[in-house]
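The values are calculated or read from the model by the stated rules, or taken from the named source; none is laboratory data. Because the structure is predicted, anything quoted here is derived from the model rather than measured. Glycine also receives a Cβ, built like all others from the backbone with ideal geometry; neighbour counts cover every protein chain displayed.
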């Protein structure tokens, strides 16, 4: 009996150690993040998790379409904020903010240790405030321009008291592909190493020549992801969202975590900006 009991404890310990190893970023991955501004982890979500995320995205989008028939702007639904804009003659769903309020499975998927542990490694903290749990949609013929920005502007524009407390951006985006992202079906373009140049206030530059001069957008490369792939993203990295002139839709699942104390203002959605344990 003692031998069986000991073997059981040993198996539990080995399983726990294996889980932690799988969750931890290697030193090479950490170096790549801080050198390039991002790191891609293939097959982060398994097929079942991708299917779950896609099903939640479909349910929320169907509800958003109902709301979009006669509404635009920021509409609340079961604690989730749905952002709707008029594009041409149609009302288009742009994003669904704090989607986990209406679809708790999305919040559960985002709070697995395999995601939270790498977030903690990059932030250098055992806790973080989760600001984002979002679904972003790009549908066929979704616009005709490529805009360039840094996510840090979203933090500062929303919260004027935002502070970079860890001197590394104090924020990280975890982007998980639900659909393929590539040059054939539409993707995101980013400028490698651009995060090292700080906040360039790109949202205040209207002249394309000046924008290219400052942002070096001619050096941008496409982000290539398969469903289930994860990219950990630095908040100062310069990137542009492809307008998606292709025949298929493109959905991504975004979670954002800030260093404790960096953010001071509540975010939209019931339960957003919660403190989470990254250990």
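Summary table
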| read-out | value |
| --- | --- |
| Pairs with Cβ under 7 Å, 6+ apart, first in the range 128-155 and farther than 17 Å from residue 255 by Cα, second in a loop (DSSP other than H, G, I, E, B) and at pLDDT 85 or above | 148/238 |
| Entirely in the range 145-230, the strands (runs of 3 or more DSSP E) that have 1 or more residues that are under 29 Å from residue 124 (Cβ atoms) and at pLDDT below 95 | 147-149, 188-190 |
| Sole residue being closer than 16 Å to residue 175 by Cα, assigned to a strand (DSSP E or B) and in contact (Cβ under 8 Å) with a residue 40 or more places away in the chain, chosen from 50, 39 | 39 |
| Neighbours by Cβ (under 7 Å, 6+ apart or cross-chain): first from the range 180-196, touching a residue at least 24 places away in the same chain (Cβ under 8 Å) and at positive phi; second assigned to a strand (DSSP E or B) and crowded, with 16+ Cβ neighbours inside 10 Å | 186/138; 186/250 |
